[in-house]
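To keep things clear, I will list the structure first and then write my remarks on it.
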């Protein structure tokens, strides 16, 4: 702009671009042109900010936009579309909105001869960029494509300045924000935060190769051009100083994720979207830190995919008003440990199969333990902790409920033998109204007075013999801060044989 206002040096490379643009516009009766080479006063931060925030709308409002391909000579018409797709123009970050926004777009070669229009090259452009044809021809709005897919269009594109990777996408996501050159990759972080403020599309978290909640660049979304959000999916989420807050009910599913050919991990999944006519659902693995507090799983750096059958068979966990940590730091690591000091742990055993555990707000299904309600050493569980188990006694299937009373130290266990005649405790504790936060011991006594008489032992008759099953909560002697383990002991009354399933 400065040179245009002073020297008007026609030997500069940009001069021909300006004069030829004016020539083409004049030929079709257009009186005004805007050329990125000379129409932004970069010495004015206010004008630069306005231009970059308005650029998409300027392209959208133009009668025609010309793309000057300096590295392409005139070619035969049959080869034109494919030749255009090989130019450097497609690898620049700023050209994405130049491609999408205009209602009419024309390509010109290095000699300023007309090559083709965008409409002539739709199939090749879609193949080259992953952008659907209905977006390119304007028959579908931009927001009909999910955030992750739009981000994938920018993957592999370059900008001279790091910050411009974010600033060049403002129009693609219909957001505005101030420009802060010098902030580096934080610009892309701010872009995502602005998108979250305006959009409830959770596919913004659908990217690979990172256990951070926000992506560091558009390249994280490579390969997501066919990703779609679930129909009727709506999440109310916002960025807070505690993390990403998801308001209302958040359906999480407990799924098994293979780590390698021999090992797997059961963890909670927040499903984000799908590919292939909903034949593959993709989700973000979460690690539970504390009650209603999660992080993107540190051991699983990519999204995981499940087919419809696997999703239907997985167990559903309902959580409300949860937080997902955005930036992991040493404070978060100490918080992770604090919620597990003197927690109640349920070791896996072959004899006693865990079927259910409440309250779900405290239960961590991956570590199989009840987290502390608060991360303080002195904190106690004032509510009923309940676990439902199944086991076999002399080929008979037996269902048990373990009630953990941790109001005092050390905690104590109580056993309930479930029968068809007396199923009141199961119906009370494991129904929807108490699943998340459980019930107080006082209310349990009011609803089921017989609960006061429960002990840590039940007898299971089987023909001429009977089995005495007892439960206890034990802490390893040399680990004073460790969790208490739920341990079962079985004694056959006739044979006086002592069998233990844990220590």
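The values are calculated or read from the model by the stated rules, or taken from the named source; none is laboratory data. Just so we're clear, the structure is a prediction, and the values are computed from it rather than from any experiment. Using ideal geometry, Cβ is built from the backbone for each residue, glycine included, and neighbour counts are taken over all protein chains shown.
Worth a mention:
- Between 215, 187, the distinction of being out of contact with any strand residue (DSSP E or B) (no Cβ under 9 Å at 6 or more places or on another chain), surrounded by 15 or more Cβ atoms within 10 Å (Cβ to Cβ), touching a residue at least 24 places away in the same chain (Cβ under 8 Å) and in a loop (DSSP other than H, G, I, E, B) belongs to 215 only.
Yes/no per residue for (1) within 27 Å of residue 189 (Cβ to Cβ); (2) in the same structural domain as residue 407 (by TED's automatic domain parsing); (3) surrounded by fewer than 19 Cβ atoms within 10 Å (Cβ to Cβ):
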residue	(1), (2), (3)
316	no, no, yes
321	yes, no, yes
328	yes, no, yes
363	no, yes, no
367	no, yes, yes
371	no, yes, no
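- Residue within segment 123-135 that is buried (at least 16 other Cβ atoms within 10 Å of the Cβ), part of a loop (DSSP other than H, G, I, E, B), modelled with pLDDT of 95 or more and not assigned by TED's automatic domain parsing to the domain that holds residue 66 present: no
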